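A short worksheet on the structure shown next.
The values are calculated or read from the model by the stated rules, or taken from the named source; none is laboratory data. A quick note: this is a predicted structure, and the numbers were derived from the prediction, not measured. Positions of Cβ are backbone-derived with ideal geometry, glycine not excepted, and every protein chain shown enters the neighbour counts. Each accessible area value is taken on the protein alone, full model and side chains, heavy atoms only, with ligands, DNA and RNA left out. Shrake-Rupley method; radii C 1.70, N 1.55, O 1.52, S 1.80 Å.
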Amino acid sequence: MTPATRQEVLGLYRKILQIAKNWQSASGQIEETMREKEYIRNEARTLFRKNKNVTDPKLIKQCMEECEARIEIGLHYNIPYPRPIHLPPMGLAHKQGRTLRHQEKLRKISKPIYLKSHDEVS
């Protein structure tokens, strides 16, 4: 990892911790706010530790894009949790007789960037 990339990653981590520090839940309840703040910190800690040994520049860039997308979505909708996608179980089939393996591949491809690491952690 180049020093510039390292600084960008550390900057994202600091930004997330700052967001968690200043977070206010949509309901305004203290208990919910504290729970959401803790979720933000734990999620950041878990994902950054999981990816600390990543050296491939493309994968680092993908992780950073996911992080930035989750930050923007969280701030926009005022929810710290990733927004789920809703696809019907066999909604991606184009022809009759597609195999389940192909369906799973299409589902994986259609997953938004902000949910790439969510299933691995939770």
Gln7-Ala69 pseudo-label distance in nm [points 7 Å out on the Cα-to-Cβ vector]: 2.7 nm
Accessible solvent surface per residue of segment 3-84, calculated while the other protein chains remain in place, 1.4 angstrom probe, Å²: 67 Å²
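If you roll a 1.4 angstrom probe over the protein chains with everything in place, what fraction of the accessible area of segment 3-84 belongs to carbon and sulfur, to the nearest %? Before the final figure, lay out the partial values.
Working: 3020 of 5530 Å².
So the carbon and sulfur contribution to the accessible surface is 55 percent.
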